[in-house]
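What follows is one structure encoded as structure tokens, with my remarks underneath.
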Amino acid sequence: MPLLLSALQLLLLLTLPPTLHAQRPELGLAIGPAPVTGQARRVRSTGVHGALSAGWNTRTSGLGARLELAWEQLPGRDAVTVTPQGTQRVSRGTLGIASVRGSVLFTGGGTRLRPYALLGGGSTRLRIPGHPNPY
């Protein structure tokens, strides 16, 4: 997949008009563990996080834009509760989180390692199959 994204980026750079070569398209892919912290660890297990991003950054001014699509899956932990009627097993569904974010990107200098800041907004959707939105 990273090879395909690099090939697509190279194709875009070769086919763009010369005036746009001062700008740089950026594609990103992230995938990894999504650890659960705090009180949520009682009801959720470590899950998986993934994100795709596409952006446009100028080489000279350090100003750009980014669009990011992200998702997480956090499995629920089952529990056993004791009631006067006996023990009861409580099953918790997997929490799915999907989000889309757009932002303006401010970067420093033209070096390979650049600090950056983002300013933007987005929307997030939470879902547990079979349950109303708990948040």
Point to revise | Unit Cα scatterers, Debye sum, the range 43-124: log10 I(q)/I(0) for q = 0.18, 0.22 Å⁻¹ | key: -0.83, -0.99
Revision key, fill the gap. If each K or R counts +1 and each D or E counts -1, the residues other than residue 34 whose Cβ falls under 11 Å of its Cβ total 0
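A short reminder: the numbers here are calculations on the coordinates, not readings from a lab. It should be emphasised that the depicted structure is a prediction, and the values quoted were computed from it without experimental measurement. Positions of Cβ are backbone-derived with ideal geometry, glycine not excepted, and every protein chain shown enters the neighbour counts.
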